[in-house]
Amino acid sequence: MGHTLMNGSSKRVLGKKEKICIVVDTATWHSQLTHASNIPLRSWNKNQIRQWLIDHSVSFIDQYSKSELLELSYAYAPEKEYIVDETAKQFDIEIARLPVRHCILNPIEMCWGELKKSVRDQNTTFKLKDVEK
């Protein structure tokens, strides 16, 4: 049985048929990869990259340079899985990601824009007291 939500004069039952969707931007904390989908970084040393390739059953020649090993790891990189997405899946929540550099689609950015405009319009003397009115 679902929960009941009062919405004005109408009554709606929330339950298994309702789907929750969370919209996230590309902020770092929303885009952390799961351990399984992490790939080697340029800051890794050669042995760390080799170990990653071994762990992912990718064969390579011992004489490969660090850059060749990195290229190989990128070629065999697993599909990106995000911690936020995996956690949301556990609760049957859908994650919708905003495109990169499309702040016009992000509602919070529009709110910040309105706030900045309001401050700019009220700030005629460049004194904090005038903005606080």
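Every read-out reported here was derived from the displayed coordinates using simple, explicitly stated rules and does not represent laboratory data. These figures come from a predicted structure and were not determined experimentally. Methodologically, a virtual Cβ is constructed for each residue, glycine included, from the backbone with ideal geometry; neighbour enumeration extends over all protein chains shown.
General observations
- Multiplying the residue separation of GLU18 and GLN48 by 0.36 nm and subtracting their alpha-carbon distance yields 6.3 nm.
- Stokes-Einstein D in µm²/s, Kirkwood radius over Cα pairs - the stretch 78-121 at 10 °C with 1.306 mPa s viscosity: 122 µm²/s
- Remark: HIS30, HIS35 ranked as HIS35, HIS30, counting other beta-carbon atoms within 10 Å and listing the fewest first.
- Distance between the pseudo-spin-label points of ASP121 and ILE93 (7 Å out from Cα toward the beta carbon): 3.5 nm.
- The residues LEU128, LEU69, LEU41, when put in order of fewest to most other Cβ atoms within 10 Å, stand as LEU128, LEU41, LEU69.
- Checking every one of the GluC sites (Glu not before Pro) in the stretch 58-98 against DSSP loop status and a limit of 13 other Cβ atoms within 10 Å picks out GLU79.
- As a proxy for reagent exposure, ILE95, ILE108 were ordered by neighbouring Cβ count within 10 angstrom, fewest first; the result is ILE108, ILE95.
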